[in-house]
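Worksheet: the structure to be examined is printed underneath.
The values are calculated or read from the model by the stated rules, or taken from the named source; none is laboratory data. Fair warning: this is a prediction, and the values are worked out from it, not measured in the lab. Heads up, the Cβs are rebuilt from the backbone with ideal geometry, glycines too, and the neighbour counts pull from every protein chain shown.
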Amino acid sequence: MTWSFMLSASQIVFERYFEPVFLPVNFSLGGGELLLVTGANGCGKTTLIRVLAGILYPTSGKIDNGFGAMAYVGHYLGIKDDLSVLENLRFMRDFLGTSKRSCKDVIELVGLSRVAEQQARTLSAGQRKRCALARLLVSESRLWLLDEPYSNLDLEGVELVDRMLTHHLESGGACVLATHGAHRPDWKNTHDCHLVSGASI
Amino acid sequence: MSAQVAGGSLSGAFFALLRRDLLLAFRRRTELLFPVIFLLVVISLFPLGIGPSPQLLARIAPGVIWIAALLATVISLDALFRSDFEDGSLEQFVISGHPLTLISLAKIVAHWLVAGLPIVLLSPLLALWMNLPTESLGVMILTLALGTPILSLIGSIGVGLTISLKRGGQLLSLLVFPLYVPILIIATAAVMAASDGLPYTQFLGLLLAGLITSVTLAPFAAAAALKISLS
């Protein structure tokens, strides 16, 4: 089976205060492939993900996204404290409008059914992360951008992310995952992208 | 194969966001009451400060009510995008692929329903306090109904520009008050004309024109300002 969707980046440079954050980045990513962005703290992993997401504009270089809509989980989770887990997720599903999936099922899948009706302000950091990850499942996006998805999660949560990721990649999706390297997801089509801080030259 | 864009309908996204913002406002209803109470306090201070002469109060009523409405709106403006900016919701909106203009418009509409509409609904009471002649009460309500949405719309541009600053709220008031001046002048002129038995429809026409212009242009400007603030 061939996948005609592609995300390709050529010579991406992002400058902050006229200094490149990282050395030029090149990659191309097809369906069923995982791009693992690694590097030391402060080398621009989050910046690269935000550039790919279209929140930041690259100073130079070209990004070609054939996947269409993206789903992104970053450091700011985009969860409303005054809404319950269920209300948060239901809003995201209706807002994106791409999925008819039952929010209750998704919440059960990420292991939050016990707190589904609780306001998000009462959740722990790990539970909040799971709530944000649940958004990936109601987005139906083919391209996931995950920035440190394993942070704050317990072992079971890490397994949950791996399971979600495997399922997503097996069904032809692609993922860009930034991690500082404590845990590596195990997937056969993994490309490595080791970022080097722009300040090192 | 062509790229697939966000599949969801725009009206679905608009109403989902509007519903969420109203629900959030309801959950934080104490915050919601602040601007309204502020408005009532400011207006009740005037008779105390300048003396309860009915003629004098009637003369300054349009200006006082409108200035209090401006102040109350500016107080509530900062909340328009602040929490969405700080908790990452705004990033999610950008990535969703829905136009940011539409998102801004939904948030502005929610803001007006929560902050502007109460002023319009309270205006008969305010007019009574300030001894506004009853024949100009209808015009007063009309100017507020046409004018407060303009305040929310113009304000949204200022909020978009100052949202990434830590103390954006203070700069915001300096930024938007000059833009509010024409609305203040036109609206109070309409009410005063009505009190004096002069024709006032031209002023209402101007306000309506301002409303139409700002509805069509402000969401685009606010969206552009938000994009700058995000990067």
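For the range B:1-13, state whether one or more residues are part of a helix (DSSP H, G or I) and among the β-branched types (Val, Ile, Thr).
We begin by selecting, within the range B:1-13, every residue part of a helix (DSSP H, G or I); these are B:10-13.
Pick out the ones that are also among the β-branched types (Val, Ile, Thr) and you get none.
No, the conditions are met nowhere in the range B:1-13.
So which strands (runs of 3 or more DSSP E) are wholly in the range A:123-201 and hold at least 3 residues that are in contact (Cβ under 8 Å) with a residue 24 or more places away in the chain and under 15 Å from the mean Cα position of the chain (by Cα)?
On the way: elements: A:143-147, A:174-178, A:190-194.
Ranges flagged: A:143-147, A:174-178.
A quick yes/no check of all residues on (1) over 16 Å from the mean Cα position of the chain (by Cα); (2) more than 14 Å from chain A (Cβ to nearest Cβ); (3) modelled with pLDDT under 95; (4) under 17 Å from residue B:107 (Cα atoms):
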| position | (1), (2), (3), (4) |
| --- | --- |
| B:6 | yes, no, yes, no |
| B:13 | yes, no, yes, yes |
| B:28 | yes, no, yes, yes |
| B:40 | yes, yes, yes, no |
| B:43 | yes, yes, yes, no |
| B:49 | yes, yes, yes, no |
| B:54 | yes, yes, yes, no |
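If you go through the range B:106-119, how many residues are touching a Leu at 6+ places or on another chain (Cβ under 7 Å) and farther than 14 Å from residue B:70 by Cβ?
Counting residues in the range B:106-119 that are touching a Leu at 6+ places or on another chain (Cβ under 7 Å) and farther than 14 Å from residue B:70 by Cβ gives 8.
If I ask for residues that are under 10 Å from residue A:7 (Cβ atoms) and over 15 Å from the mean Cα position of the chain (by Cα), which ones from the range A:32-45 would you list?
none
Within the range B:195-206, which residues are touching a residue at least 60 places away in the same chain (Cβ under 8 Å) and part of a helix (DSSP H, G or I)?
B:195, B:203, B:204
Is it the case, given these coordinates, that residue B:102 is under 22 Å from the mean Cα position of the chain (by Cα) and either more than 14 Å from chain A (Cβ to nearest Cβ) or under 23 Å from residue B:150 (Cα atoms) (or both)? Steps first, please.
On the way: under 22 Å from the mean Cα position of the chain (by Cα): yes; either more than 14 Å from chain A (Cβ to nearest Cβ) or under 23 Å from residue B:150 (Cα atoms) (or both): yes.
Spelling it out, residue B:102 is indeed under 22 Å from the mean Cα position of the chain (by Cα) and either more than 14 Å from chain A (Cβ to nearest Cβ) or under 23 Å from residue B:150 (Cα atoms) (or both).
Here is a list: B:40, B:90, B:48, B:56. Which entry is assigned to a helix (DSSP H, G or I) and within 18 Å of residue B:157 (Cα to Cα)? Reasoning before the result, please.
Details: B:40 fails: within 18 Å of residue B:157 (Cα to Cα); B:48 fails: within 18 Å of residue B:157 (Cα to Cα); B:56 fails: within 18 Å of residue B:157 (Cα to Cα).
Result of the check over B:40, B:90, B:48, B:56: B:90.
I'd like the full set of residues that are over 20 Å from the mean Cα position of the chain (by Cα) and either touching a residue at least 40 places away in the same chain (Cβ under 8 Å) or in a helix (DSSP H, G or I) (or both), limited to the range A:95-122.
A:104, A:105, A:108, A:113, A:114, A:115, A:120, A:121, A:122
Any chance you could count how many residues in the range A:154-200 are touching an Asp or Glu at 6+ places or on another chain (Cβ under 9 Å), among the acidic types (Asp, Glu) and modelled with pLDDT under 90?
1
If I go through the range B:84-118 residue by residue, how many of them are more than 27 Å from residue B:212 (Cβ to Cβ), of a type in the set (S, T, N, Q) and either in contact (Cβ under 8 Å) with a residue 40 or more places away in the chain or touching a His at 6+ places or on another chain (Cβ under 9 Å) (or both)?
Looking only at that region, the number is 1.
Hey, can you tell me all the residues within the range A:29-46 that are buried (at least 21 other Cβ atoms within 10 Å of the Cβ) and within 14 Å of another protein chain (Cβ to nearest Cβ)?
The answer is A:31, and nothing else.
Any residue at all in the range B:141-156 that is within 30 Å of residue A:94 (Cβ to Cβ), in contact (Cβ under 8 Å) with a residue 60 or more places away in the chain and more than 12 Å from the chain's Cα centre (by Cα)?
Checking the range B:141-156: not a single residue is within 30 Å of residue A:94 (Cβ to Cβ), in contact (Cβ under 8 Å) with a residue 60 or more places away in the chain and more than 12 Å from the chain's Cα centre (by Cα).
Go through the residues of the range A:46-64 one by one and say whether even a single one is within 20 Å of residue A:5 (Cα to Cα) and touching a Gly at 6+ places or on another chain (Cβ under 6 Å).
No, that holds for no residue.
In the set A:28, A:60, which member is free of Cβ contacts under 8 Å to residues at least 24 places away in the same chain and over 16 Å from the mean Cα position of the chain (by Cα)? Give the derivation first.
Working: A:60 fails: free of Cβ contacts under 8 Å to residues at least 24 places away in the same chain.
On inspection, the qualifying residue turns out to be A:28.
Please work out which residue is nearest to residue A:198 (Cα to Cα), limiting yourself to the range A:59-94 and to residues that are among the aliphatic types (A, V, I, L, M), more than 8 Å from chain B (Cβ to nearest Cβ) and in a helix (DSSP H, G or I). Walk me through it before giving the result.
At the first step, the residues of the range A:59-94 found to be among the aliphatic types (A, V, I, L, M) are A:63, A:69-71, A:73, A:77, A:79, A:83, A:85-86, A:89, A:92.
So of that shortlist, the ones also more than 8 Å from chain B (Cβ to nearest Cβ) come out as A:63, A:73, A:85-86, A:89.
With the extra rule that they be in a helix (DSSP H, G or I), the set shrinks to A:85-86, A:89.
Working: A:85: 40, A:86: 42, A:89: 38 Å.
This residue is A:89.
Does the range B:213-229 include one or more residues that are modelled with pLDDT under 95, farther than 30 Å from residue A:54 by Cα, in a helix (DSSP H, G or I) and not polar (S, T, N, Q)?
So far as the range B:213-229 goes, no, none of its residues is modelled with pLDDT under 95, farther than 30 Å from residue A:54 by Cα, in a helix (DSSP H, G or I) and not polar (S, T, N, Q).
Determine, yes or no, whether residue B:69 is closer than 26 Å to residue B:177 by Cβ and either at pLDDT below 90 or among the aliphatic types (A, V, I, L, M) (or both). First the steps, then the outcome.
Details: closer than 26 Å to residue B:177 by Cβ: yes; either at pLDDT below 90 or among the aliphatic types (A, V, I, L, M) (or both): yes.
It is true that residue B:69 is closer than 26 Å to residue B:177 by Cβ and either at pLDDT below 90 or among the aliphatic types (A, V, I, L, M) (or both).
For the range A:170-182, what are the residues that are surrounded by 15 or more Cβ atoms within 10 Å (Cβ to Cβ) and either small (Gly, Ala, Ser) or farther than 11 Å from residue A:38 by Cα (or both)?
The answer is A:173, A:174, A:175, A:178.
On the basis of being within 13 Å of another protein chain (Cβ to nearest Cβ) and not hydroxyl-bearing (Ser, Thr, Tyr), does residue A:145 make the cut? Walk me through it before giving the result.
Details: within 13 Å of another protein chain (Cβ to nearest Cβ): yes; not hydroxyl-bearing (Ser, Thr, Tyr): yes.
Yes.
Quick check on my filter: what residues within the range A:4-31 are over 27 Å from residue A:173 (Cα atoms) and assigned to a strand (DSSP E or B)?
Result: A:15, A:16, A:19, A:20.
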